[in-house]
1. Run the reach check for Lys100 against aspartates and glutamates, Cα to Cα strictly under 17 Å, same-chain hits fewer than 8 apart removed. What comes back?
2. For the chain, what is the calculated [θ] at 222 nm in deg cm²/dmol (nearest 500), taking -39500 (n - 2.57) for each run of four or more DSSP H residues and dividing by its residue count?
3. Determine the shape class of segment 59-127: with a ≥ b ≥ c the square roots of the Cα gyration tensor eigenvalues, call it rounded for a/c under 1.5, and otherwise prolate if a/b is greater than b/c, oblate otherwise.
4. Over all directions, average the projected area of the Cα convex hull of the chain and note it in nm².
5. Pairs of Cα atoms under 8 Å, at least six residues apart: use those to get the relative contact order of segment 20-140, whole percent.
6. For Lys77, go through the lysines and keep the ones whose alpha-carbon is under 27 Å away, minus same-chain ones fewer than eight residues off.
7. Picking from Gln132, Gln101, Leu116, whose Cα lies most toward the positive end of the charge dipole for the chain (charges on Cβ: Lys, Arg +1; Asp, Glu -1)?
8. Report the Cα centroid-to-centroid distance between segment 75-121 and segment 15-44 in angstrom, as an integer.
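FYI, it's all coordinate maths here, none of it is from the lab. Note that the structure is a prediction, hence the values are computed from the model and not measured. In this analysis, Cβ positions are derived from the backbone assuming ideal geometry, glycine residues included, and neighbour counts consider all displayed protein chains.
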Amino acid sequence: KLAGVLIENGISGKNLSHSIIGIGLNLNQPEFPSFPVEASSVALERGSASDRNQVLDQLLDSLMLRYGQLENGETSKLESDYMAYLFMLDQPGAFVHQGKQFTGTIRGLSDVGELLVESNGKIRTYGFQDIQYRLDVNSH
């Protein structure tokens, strides 16, 4: 893992009032403490340090491209690209829901962004923080 995204949503009544999105990128960090998932940095993967301003410019260009697609209603392109990178899509894994562990397979997202997980031949939807993926069980 060399990057992460954290999204915080504000709810007003039954409506989404705002979202704040934070992006973390391990750019030039040479080493990491022990984590359940191995961490890395762009520098470690490339073998050389990166210029922070250049990476920031590239990131902002990419975000503006995606924002333009959203403004222009190109949601099918956004959705297909998102699904191409969805972690563990169509691969069995261990999950926890309401304190109980089970094996399931991520099949996609519902129309409202809920995770679709198949288990025992049934597909169930899970909202934000309803389910946890157990990395420690699946990693070797």
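1. In chain and number order, the partners are Glu118, Asp130, Asp136.
2. -8000 deg cm²/dmol
3. Because a/c hits 1.5 or more and a/b exceeds b/c, segment 59-127 counts as prolate.
4. The directionally averaged projection comes out at 11.2 nm².
5. 16 percent
6. Within reach: Lys1.
7. The one lying farthest along the dipole's positive direction is Gln101.
8. Here the answer is 21 Å between Cα centres.
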